[in-house]
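Worksheet for the structure shown next.
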Amino acid sequence: MRIFPISYGAPMCHAMTDITPFDVKSHALKRSRYLLPELSPALVCYTSAMPRLPCIAVDLGGTHLRAAFFAGTSPTPLHRTHHETPQTQDPAVVSNAIASAIREVVPPGLDLSSATIVVGTPGPVDPFRGIVLSAPNIPAWHNLALRDWLGAQFPATIQIVNDANLAALGELTFGAGRGVRELIYLTLGTGIGGAVITRGRLLLGMRGLAAELGHVTVDPNGPICSCGRRGHLEAIASGPAIARQARQRLAAGEPSSLAPLHSASPDLVTPEAIASAARDGDAFAIALLSETGSILGRFVADCLAVFAPERIILGGGLMALGGLLLDPLRRAAADHVMSSHYIEQVTITAAQLGDDAGLVGGLALSLNPDLQPVPMAA
């Protein structure tokens, strides 16, 4: 069995291909106070915080609630469950649904005193205090002390994290981000979320609120966003935004194979229907997706100038569009970046973990708590 060390300085990660089992063991004996099982084939991580296992990860979305139980370091859970997120104005109903999902995946009689429960929620989250400041599609969740509430239900270490941040940690440790320390993660779907990882750790900013990349203004005269502001990236390039633009153009008489669907009911013109039409060669659908990809690519060019990452990872349901969206995105990023130096060694790629990214990210954080910095005053 291989081992990896836990040291007491800044976190460092090395590709497993660069360190032999003997090297790792020797380094561990010299620098470590703990010898632990191998984290993954991807990285050997040195961190100042001890892993806490088992891990129960929860991924709360606007429509889906997922939970998984990880007994060890493998990203394949032993138990998992999946439910629809309760659509209610009562915050207690959603909180109780999370607790029920946790109980579903925990083996009966298991002592949770050494376990970690990691919950990913959408929207602004204060991870330092475990408070959900607000959450899309759960209007009653304002300043909800979810960590304290769950702590009263379960004798475990509780962490509340933005869902895009968790997905980014999953991809960093077990997915498309393996081997890099500077990356940007964008999730493109019903909304647009984002995360920034620098020097192998999340960029959190004050109160943990940094990197809400979907809520950057790209058109001050654009449509109203789900957050109530105008012209954000999410309002222009998310799945619902693409469908809205298609319906508006079809209503204005633009020709497309989607016209009969629109005539039957505008609600039938969904992102999935647009994607299907584009794959069948519909010029209207192809052009619409190309325009969306170009908007995203220009935004990526801005991110390259601001963060200078090694890799940009794109996840979420819209990535099912493949090259219809990704090809124009890459072209626009290359065309609009300030200098070729910012992109010549950058990989823009699709995420690998799919719907499991947030759950696996919960495992990654429990294995290496230093992936999420603590506030300076702590």
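The values are calculated or read from the model by the stated rules, or taken from the named source; none is laboratory data. Small disclaimer: the values here were computed from a predicted structure and weren't measured. Cβ placement follows ideal geometry from the backbone for every residue including glycine, while neighbour counts extend to all protein chains displayed.
Identify, from the list P260, P255, P220, the residue that is free of Cβ contacts under 8 Å to residues at least 60 places away in the same chain, under 29 Å from A334 (Cα atoms) and surrounded by fewer than 17 Cβ atoms within 10 Å (Cβ to Cβ).
Sole residue among the options that is free of Cβ contacts under 8 Å to residues at least 60 places away in the same chain, under 29 Å from A334 (Cα atoms) and surrounded by fewer than 17 Cβ atoms within 10 Å (Cβ to Cβ): P220.
Given the condition under 17 Å from L203 (Cβ atoms) and surrounded by fewer than 23 Cβ atoms within 10 Å (Cβ to Cβ), answer yes or no: does some residue in segment 165-180 qualify?
yes
For segment 238-252, give me each residue that is out of contact with any helix residue (DSSP H, G or I) (no Cβ under 7 Å at 6 or more places or on another chain) and either touching a residue at least 24 places away in the same chain (Cβ under 8 Å) or within 15 Å of S226 (Cα to Cα) (or both).
If the condition is that a residue be out of contact with any helix residue (DSSP H, G or I) (no Cβ under 7 Å at 6 or more places or on another chain) and either touching a residue at least 24 places away in the same chain (Cβ under 8 Å) or within 15 Å of S226 (Cα to Cα) (or both), then S238, P240, R244, R249 are the ones that fit.
Considering segment 342-374 alone, what residues qualify as being out of contact with any helix residue (DSSP H, G or I) (no Cβ under 8 Å at 6 or more places or on another chain) and either more than 15 Å from L202 (Cβ to Cβ) or not in a helix (DSSP H, G or I) (or both)?
Residues satisfying the conditions are E344, Q345, T347, T349, G354, D355, P373, V374.
Tell me, which helices (runs of 4 or more DSSP H) wholly within segment 184-295 include 1 or more residues that are under 27 Å from H336 (Cα atoms)?
233-237, 239-251, 271-279
Within the bounds of segment 201-212, is there any residue that is within 23 Å of L326 (Cα to Cα) and either touching an Asp or Glu at 6+ places or on another chain (Cβ under 6 Å) or assigned by TED's automatic domain parsing to the domain that holds V300 (or both)?
Within segment 201-212 (the criterion being within 23 Å of L326 (Cα to Cα) and either touching an Asp or Glu at 6+ places or on another chain (Cβ under 6 Å) or assigned by TED's automatic domain parsing to the domain that holds V300 (or both)), the answer is yes, since at least one residue qualifies.
If you go through segment 332-341 one residue at a time, do you hit one that is within 21 Å of the chain's Cα centre (by Cα), assigned to a helix (DSSP H, G or I) and charged (D, E, K, R)?
No; the residues of segment 332-341 include none that is within 21 Å of the chain's Cα centre (by Cα), assigned to a helix (DSSP H, G or I) and charged (D, E, K, R).
Quickly run through segment 102-153 and pick out the residues that are among the small types (G, A, S), assigned to a strand (DSSP E or B) and in contact (Cβ under 8 Å) with a residue 60 or more places away in the chain.
The answer is G120, and nothing else.
Of all residues in segment 84-101, count the ones that are over 21 Å from D355 (Cα atoms) and in a loop (DSSP other than H, G, I, E, B).
Result for segment 84-101: 3.
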